[in-house]
Amino acid sequence: MKSRLRSHPMRQQSNQASLRQTVDRELIRMDSVSDRLPSSVIFALRSTLLNWYSQQGRDLPWRRSRDPYAIWVSEIMLQQTQVKTVIPYYDRWLTQFPTLQTLASADQQQVLKVWQGLGYYARARNLHRAAQEIVSQHNGIFPTDLQMAMSLPGIGRTTAGGILSAAFDQPTPILDGNVKRVLARLVALPVPTSKAIAPLWQLSEALLDPAHPRDFNQAWMDLGATICLPRNPLCDRCPWQPHCSAYNQGIQNQLPMTETRSPIPRKIIGVAVIWNDAGQILIDRRKPEGLLGGMWEFPGGKVEPGETIPDCIQREIQEELGIEIEVGDRLIVVDHTYSHFHVTLNVHHCQHISGEPQAIECDEIRWVELADLDSYPFPKANLQIIEALKKEKDG
DNA sequence: TAGACGTGGTC
DNA sequence: TGACCAAGTCT
């Protein structure tokens, strides 16, 4: 497996060694950082933040609820996803699955269809599985115990802490992207946050107001999302400005330190829209795990070096579905970016020639009418293909 | 442990 | 266009 970390072979050794020394030294300092925050400062931070929140806190749909299920749904949707994006999905979800029981008894295709477009589809699969687990093992009641909550699929320490504090006002700390960024600036963290996870958890725990855990955690995330922005933070409006180490040193725009990443690869893909004599289209459902697991798609695969697009499509369809096709006109080219690679989808109309399609490298295959495609969960890149098909039919 | 895992928005 | 970022978890 290739590392995506950028490497400098000539200097790697000494750089790594010196970085390691620096990190170790800073981690030792950070280990005691909560001790270096006097209780008077901690009290000041709590009260100024809660006061700010009472004036400037956001009015968000899930904050009007104390239903652990609704709050859980919001916490899962909000993973790596902004509030603005989540709100319409949250509303639709609770309309479709108003209770934990209705979610547990739904089928996965229905669940994925409601999640369609939100991304990170493992979140939906895990939410669904966890609901079934709660019904079968916890009498349908969301657990109030932190360890119990964290044992559910898709719920890590931050999500569990977020749910238990918001739903039950339990003093469970959180460490999401907002809290990490605010803390990195508050203490002028000299390493990327990923290198200081344990000390950051200690800080989150030390600062959490045991008298108002729900409001405190919510306030902290609001501060990160509306004031302590990733770029150009609005320090003039920040209730923590007097205590912020980064602000006092004028380095708030340099923190948190950036994580090193290498560029992401690009893949060229050939995709087939296969028609049969009845005018139906062949689609397949991806395996339940991994990228876009459980979602439907138009079949295809990666173009090999020196291979033409039509050759690729014909070969992939033979390998994956065991049928012969004739590759026809190009329908559309779709460029799409996933979290860790780019793809270019070269989509061609194809005609089924011979053979019964087999689900060799997928979970299921189906001949469907163009008008019925809307009822299946498709990933974003494939929706553009469907749009192109409809447009071609109408135009 | 760092890479896999989506999508939309900004610069 | 490409890089970076956003309420993380799992392996």
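The values are calculated or read from the model by the stated rules, or taken from the named source; none is laboratory data. Quick caveat, the model's predicted, so the values are computed rather than measured. With ideal geometry, Cβ positions are generated from the backbone for all residues, glycine too; neighbour counts draw on all protein chains shown. Heavy atoms of the whole protein, side chains included, go into the accessibility calculation; ligands, DNA and RNA do not. Shrake-Rupley method; radii C 1.70, N 1.55, O 1.52, S 1.80 Å.
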Looking at the range A:356-379, which of its residues are farther than 24 Å from A:Pro288 by Cβ and either open to solvent by 40 Å² or more (accessible area, probe 1.4 Å) or among the charged types (D, E, K, R) (or both)? A:Glu369, A:Ala371
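Assess whether A:Arg29 counts as being modelled with pLDDT under 95 and part of a helix (DSSP H, G or I). Lay out the reasoning, then the answer.
Working: modelled with pLDDT under 95: yes; part of a helix (DSSP H, G or I): yes.
Considered against the rule, which asks whether it is modelled with pLDDT under 95 and part of a helix (DSSP H, G or I), A:Arg29 comes out as yes.
Going by the conditions given, is A:Leu292 under 28 Å from A:Gln80 (Cα atoms), buried (at least 20 other Cβ atoms within 10 Å of the Cβ), modelled with pLDDT of 95 or more and within 22 Å of the chain's Cα centre (by Cα)? It would help to see each step written out before you state the result.
Details: under 28 Å from A:Gln80 (Cα atoms): yes; buried (at least 20 other Cβ atoms within 10 Å of the Cβ): yes; modelled with pLDDT of 95 or more: yes; within 22 Å of the chain's Cα centre (by Cα): yes.
Yes, satisfied.
Criterion first (aromatic (Phe, Trp, Tyr) and assigned to a helix (DSSP H, G or I)) does A:Tyr90 satisfy it? Spell out how you get there, then give the answer.
Values: aromatic (Phe, Trp, Tyr): yes; assigned to a helix (DSSP H, G or I): yes.
When the stated conditions are applied, A:Tyr90 passes them.
For A:Ser245, indicate whether it is more than 26 Å from the chain's Cα centre (by Cα), small (Gly, Ala, Ser) and either within 21 Å of A:Ala196 (Cα to Cα) or surrounded by fewer than 16 Cβ atoms within 10 Å (Cβ to Cβ) (or both).
Criteria met by A:Ser245.
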Only one of (1) within 16 Å of DNA strand B (Cβ to nearest atom); (2) assigned to a helix (DSSP H, G or I) is not met by A:Arg231, so which one is it? (2)
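Table: residues versus (1) open to solvent by less than 30 Å² (accessible area, probe 1.4 Å); (2) among the aliphatic types (A, V, I, L, M); (3) away from DNA strand C (no atom under 15 Å from the Cβ).
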| residue | (1), (2), (3) |
| --- | --- |
| A:His212 | no, no, yes |
| A:Asn217 | yes, no, no |
| A:Ile227 | yes, yes, no |
| A:Pro230 | no, no, no |
| A:Ile251 | no, yes, no |
Yes or no: A:Ile325 assigned to a helix (DSSP H, G or I), modelled with pLDDT of 95 or more and surrounded by 13 or more Cβ atoms within 10 Å (Cβ to Cβ)? no
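Specify the residue that is farthest from DNA strand B (Cβ to nearest atom); the eligible residues are those in the range A:55-91 that are among the basic types (Lys, Arg) and farther than 17 Å from A:Asn178 by Cα. Give the steps one after another, and end with the answer.
Of the range A:55-91, the ones among the basic types (Lys, Arg) are A:58, A:63-64, A:66, A:84.
Going one step further and asking which of them are farther than 17 Å from A:Asn178 by Cα, we end up with A:63-64, A:66.
Working: A:Arg63: 21, A:Arg64: 23, A:Arg66: 26 Å.
The qualifying residue farthest from DNA strand B (Cβ to nearest atom) is A:Arg66.
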Does at least one position in the range A:172-187 carry a residue that is open to solvent by 50 Å² or more (accessible area, probe 1.4 Å), within 16 Å of DNA strand B (Cβ to nearest atom), over 11 Å from A:Trp72 (Cα atoms) and free of Cβ contacts under 8 Å to residues at least 60 places away in the same chain? no
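Only one of A:Asp236, A:Asp284, A:Asp277 is over 20 Å from A:Ile313 (Cα atoms) and of a type in the set (Asp, Glu). Can you tell me which? Before you say what the answer is, go through the steps one by one.
Numbers: A:Asp284 fails: over 20 Å from A:Ile313 (Cα atoms); A:Asp277 fails: over 20 Å from A:Ile313 (Cα atoms).
After ruling out the rest, the residue left standing is A:Asp236.
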Of all residues in the range A:67-87, count the ones that are assigned to a loop (DSSP other than H, G, I, E, B) and exposed (fewer than 13 other Cβ atoms within 10 Å of the Cβ). 2
Would you mind telling me which numbered condition in (1) surrounded by fewer than 12 Cβ atoms within 10 Å (Cβ to Cβ); (2) more than 30 Å from A:Gln109 (Cβ to Cβ); (3) away from DNA strand B (no atom under 13 Å from the Cβ) A:Met221 fails? (1)
For A:Ile227, the lone unmet condition from (1) β-branched (Val, Ile, Thr); (2) at pLDDT below 95; (3) assigned by TED's automatic domain parsing to the domain that holds A:Gly57 is (2)
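Give the residue that is nearest to DNA strand C (Cβ to nearest atom), with candidates limited to residues of the range A:123-132 that are over 30 Å from A:Glu259 (Cα atoms) and hydrophobic (A, V, I, L, M, F, W, C). Spell out how you get there, then give the answer.
Taking the range A:123-132 as the starting set, the residues that turn out to be over 30 Å from A:Glu259 (Cα atoms) are A:128-132.
If we keep only those that are hydrophobic (A, V, I, L, M, F, W, C) too, we end up with A:130-131.
Working: A:Ala130: 8, A:Ala131: 14 Å.
Among them, the one singled out is A:Ala130.
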Is it the case that some residue within the range A:96-113 is aliphatic (A, V, I, L, M), under 17 Å from the mean Cα position of the chain (by Cα) and not assigned by TED's automatic domain parsing to the domain that holds A:Cys228? yes
Applying the selection to the range A:147-171, what residues are small (Gly, Ala, Ser), near DNA strand C (Cβ under 9 Å from one of its atoms) and open to solvent by less than 50 Å² (accessible area, probe 1.4 Å)? A:Gly154, A:Gly156, A:Ala160, A:Gly161, A:Gly162, A:Ala166
Given (1) open to solvent by 40 Å² or more (accessible area, probe 1.4 Å); (2) more than 8 Å from DNA strand C (Cβ to nearest atom); (3) assigned by TED's automatic domain parsing to the domain that holds A:Ala211, identify the lone condition not met by A:Val135. (3)
